[in-house]
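Written below as structure tokens is the structure these notes are about.
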Amino acid sequence: GALVDRVGARLVLSAALGLWSLAQIFGGVVTSFWQFVAVRGLLGVGESPQFPTCARIVADWFHKRQRGWATGVWNCSSSLGTAIAAPLLTYLMISFGWRWMFVIMGLAGITVAVIAYWLHRDPSQVRLTAEEQEQLGGQEIETRRVTWRDWQGLFRFRTTWGMISGFFGAVYMVWLYYSWLPQYLEIQWHLSIVKTGWVSAVPFMCGVVGSLCGGRICDSLVARGFSPIMSCKIPLVGSLLGTVIFTILAAYAPSGALAVAYIAVSLFLINCTTCAAWAMTTAAADRNLTASLGSIQNFGGYLGGTLAPTLTGFIVQTSGSFRPALLVGALIAFLAGVGHLLLVNKPIPRASDGTSQFRKDPLLGEIAS
């Protein structure tokens, strides 16, 4: 995130996507388990800048009243991609083998990386007219690079820690479903591999709609006079707690069809949550720190995303059922929602010189002069 704020979104987004794509290709030619583990690590490095970069692009190129919808559009791509991937990758794997599945996706990623670099421009690479600046809110786009002091100072605010907490629970739930939904349908409800690919696509498509709706809700609240940070916090916490309810219902569903329906609602709500969380990164700090704050939030999310597949697998193997794994996920999401509710109340203040003004935070008791 700090790298994005220093050198710009165009270069980092394209280079990271290219690295991700190469890791996909390498995944198709590995010859051992540990080679595959190393390739997956490289995949994560390439993936990590994507969302913080998109958040910075929204902060750069959209008015505050439009950032929720813009965030919803790019945030829904993860669910849309997963929905498409479920049947598509199943087809590629069955038709060409799992190695060619990785290679084909890697080549597709390289193509997209080239297109992204060709089309996108950073604010420092264009000259805006007065009318264009007015459309962005009447302020000149800032191009000052973030410093180490700026980045370090973000950790002195409870808003930052609340965002980490909320996103931990949100991404835990995302990866609980992303990594285990096909196996859940196959093991718990005895669907075939081919059917799980198509049935899994339904909840993920609901996630696409949830992300778009979350963006609309954020913009709607801003238009009704709510502060930018509260317009994100209300749908974020509400959707996360709604996810808790429907995950519990899914755990006790009496049939596979009803379980899929509850999970579909859960993914609708959890994508509403993630959309609001990423929109908040554009509202909670100075525009020049959007990607930095977003990457810190994303760090918390990926802690949850790392824990979810491992803990879920351990619980299922130990108990022989997905029910306790879903209940544990619901508990984690509930605690994360409470943490966000209590800690995130106001944006990080900004000094008159354009830097973040790190004053004393009553909760942390820290001062950076």
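The values are calculated or read from the model by the stated rules, or taken from the named source; none is laboratory data. Note that the coordinates shown come from a computational prediction; the quantities given were computed from them, not determined experimentally. Note: ideal-geometry Cβ built from the backbone for every residue, glycine included; neighbour counts use all protein chains shown. Just so you know, the surface numbers come from the protein's heavy atoms only, side chains and all, with ligands and any DNA or RNA stripped out. Shrake-Rupley method; radii C 1.70, N 1.55, O 1.52, S 1.80 Å.
Structure notes:
- Farthest towards the positive end of the charge dipole of the chain, among the residues 347, 290, 128, is the Cα of 347, using unit charges on the Cβ of Lys, Arg, Asp and Glu.
- Packing-based ranking of 25-31, 284-290, 299-305 yields 284-290, 299-305, 25-31, ordered from highest to lowest mean Cβ neighbour count within 10 Å.
- If R0 is taken as 45 Å, the Cβ-Cβ distance between residue 73 and residue 31 corresponds to a FRET efficiency of 0.65.
- Helix axis angle, 50-61 relative to the chain longest principal axis, alpha carbon, degrees: 40 degrees
- FRET E, pair residue 220, residue 299, Förster distance 41 Å, beta-carbon r, rounded to 0.05: 0.90
- Once the chain from residue 310 to residue 234 is taken as fully extended at 0.36 nm per residue, the excess over their C-alpha distance is 24.3 nm.
- Fluctuation leader among 255, 78, 227 - the chain, Gaussian network, Cα springs under 10 angstrom: 255
- In Hz, Karplus ³J(HN,Hα) per residue of the stretch 19-35 (6.51, -1.76, 1.60; θ = phi - 60°; x = Gly, Pro): 5, 4, 5, 4, 5, 4, 4, 4, x, x, 10, 5, 10, 8, 4, 6, 4
- Helix 228-251 and the long axis of the chain differ in direction by around 10°, with both axes built from C-alpha atoms.
- Surface share of carbon and sulfur [accessible, 1.4 angstrom probe, percent] for the chain: 68 percent
- Dipole orientation for the chain: of the candidates 18, 230, 88, 230 has the Cα lying most toward the positive pole (charges on Cβ; Lys, Arg +1; Asp, Glu -1).
- Spin-label model distance (nm) - residue 338 vs residue 40, 7 Å beyond Cα toward Cβ: 3.2 nm
- Angle in degrees between helix 323-343 and the longest Cα principal axis of the chain, rounded to the nearest 10: 10 degrees
- Solvent exposure of the stretch 174-330 as accessible area per residue, Å², 1.4 Å probe: 37 Å²
- Charge dipole (Cα centre; +1 on Lys/Arg Cβ, -1 on Asp/Glu Cβ; no other charges) of the chain amounts to roughly 300 debye.
- Ranked by the mean number of other Cβ atoms within 10 Å of their residues, highest first, the peptides 104-114, 240-250, 272-282 come out as 272-282, 240-250, 104-114.
- Relative to the current alpha-carbon distance between residue 252 and residue 91, full extension at 0.36 nm per residue lengthens the span by 54.8 nm.
- Take the Cβ atoms of residue 125 and residue 98, set R0 to 35 Å, and the FRET efficiency comes out at 0.30.
- Anisotropy class assigned to the stretch 69-188 is oblate, per the alpha carbon gyration tensor with a/c at or over the 1.5 cut-off and a/b no larger than b/c.
- Of the peptides 323-329, 71-77, 219-225, the order by per-residue mean of other Cβ atoms within 10 Å, starting with the highest, comes out as 71-77, 323-329, 219-225.
- Taking θ as phi - 60° and the Karplus parameters 6.51, -1.76 and 1.60, the scalar couplings of the stretch 3-13 work out to 5, 4, 5, 8, 10, x, 6, 4, 5, 5, 4 Hz in sequence order, x denoting glycine and proline.
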